[in-house]
Amino acid sequence: MTLPRLRGAQARGEKVAMLTCYDATFARVLDDAGVDVLLVGDSLGNVVQGESSTLPVTLEQMAYHTRCVAQGKRSAFLVTDLPFGTYEASPQQALASAATLMRAGAQMVKLEGGGYTAETVRFLVERGIPVCAHLGLTPQRVHAIGGYRVQGRDDSGAAALKADAASLADAGAAMLVLELVPSARAREISMAHPHLITIGIGAGAGTAGQVLVLHDALGLTQGKRPRFVRDFTRVPGSAADAPGLSVAQAVAAYVAAVKDQSFPDEAVHGY
Ligand code: KIV
């Protein structure tokens, strides 16, 4: 998978299936099941390291897990998060951090934040580093936001979201994760920027693709399962005690549901 191929799929109206991934074995399983994009998310702080947020994750840890995933994958496109504190100071700091991740095998880096990151996005893109932006709920800012809650619900929030998406698209971001935003807003942004590969998580069905944290998709959510998550190890309509699907089958079910647009179901998973 390459960026032009992802763009081609988007132009043909094919949905992009993305999952987080942190090691070589899962990289092989996800790739074989047809996942288009693997994201080495800094959610590894939560689901691998047992931290309560993504903030403790370091650049060295992201590079290590990127290398693990790069070793296991065959053809999926590999995106890695720039972790907290490794890109905000200056475009030059972001370039040095992104280079570390690209050397480890990333094909694109993801960074969180609004229009204030546009200068950094442009700087990286001009130097040959594809960038995925991330708007809506941005977990690295959880303490500033005050919790994991839906963003862009009111008029001023929606206007800020649209303005941020426009400035990031203008700066050259190729992909944009929209996390926990009302479905209507994510759809509007996706339609306004047809060259931006929008990827939703808790953002409804109107984006170019979907992403979930792997552990959530496999029914391993710790604590209360967020509304936007579906456990793909369960066969819809089956009894609660019915045997679940294998990991490979569950991931294939996720890919199929994203592609045939049965996931997300806005009535069930949307805001
Ligand atoms: O770190 C991560 O897993 C992410 C996804 C939730 C998009 O950024």
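For the reader, a short list of remarks on this structure follows.
- Sparsely packed trypsin sites (Lys or Arg not before Pro) within segment 193-271, loop by DSSP, other Cβ within 10 Å at most 12: Lys224
- Spatial separation of Cα centroids for segment 19-63 and segment 91-120, in angstrom: 17
- Cross-link table Lys15/Lys224; Lys15/Lys73; Lys110/Lys162, entries beyond 22 Å C-alpha to C-alpha: Lys15/Lys224
- Projected label distance in nm at Val142 and Asp170, using a 7 Å step from Cα toward the beta-carbon: 3.3
- By the combined test of axial Cα extent (at least 15 Å) and Kyte-Doolittle hydropathy (mean at least -1.0), the qualifying DSSP H helices of the chain come to 59-72, 91-103, 155-171, 247-259.
- Put a plus charge on the Cβ of each Lys and Arg, a minus charge on the Cβ of each Asp and Glu, and nothing anywhere else: the dipole of the chain about its Cα centre is then about 360 debye.
- Total formal charge among the other residues, if their Cβ is under 11 angstrom from that of Glu88, Lys/Arg +1 and Asp/Glu -1: 0
- Relative exposure of His134, His269, His195, judged by other C-beta atoms within 10 Å (fewest first): His195, His269, His134
- Shown here for segment 53-89: trypsin sites (Lys or Arg not before Pro) in loop regions (DSSP other than H, G, I, E, B) with at most 14 other Cβ atoms within 10 Å, namely Arg74.
- Fewest-first sequence of Leu3, Leu214, Leu95 by Cβ atoms within 10 Å of each Cβ: Leu3, Leu95, Leu214
- Other residues lying with their Cβ under 10 Å from the Cβ of Val268 contribute a combined charge of 0, Lys and Arg counting +1, Asp and Glu -1.
- Judged by the gyration tensor of its Cα atoms, with axes a ≥ b ≥ c, the chain is rounded; a/c sits under the 1.5 cut.
- The distance from the alpha carbon centre of segment 250-268 to that of segment 183-207 is 16 Å, rounded to a whole number.
- Using a Förster distance of 30 Å, the FRET efficiency for Val268-Met191 (Cβ separation, nearest 0.05): 0.85
- As a rough footprinting exposure proxy, the listed residues Thr58, Thr86, Thr100 were ranked by other beta carbons within 10 Å of their own, and the order from fewest upward is Thr58, Thr100, Thr86.
Every number in this text was worked out from the coordinates using simple rules, so none of it is lab data. Small disclaimer: the values here were computed from a predicted structure and weren't measured. Here Cβ is always computed from backbone atoms with ideal geometry, including for glycine, and neighbour counts include all displayed protein chains.
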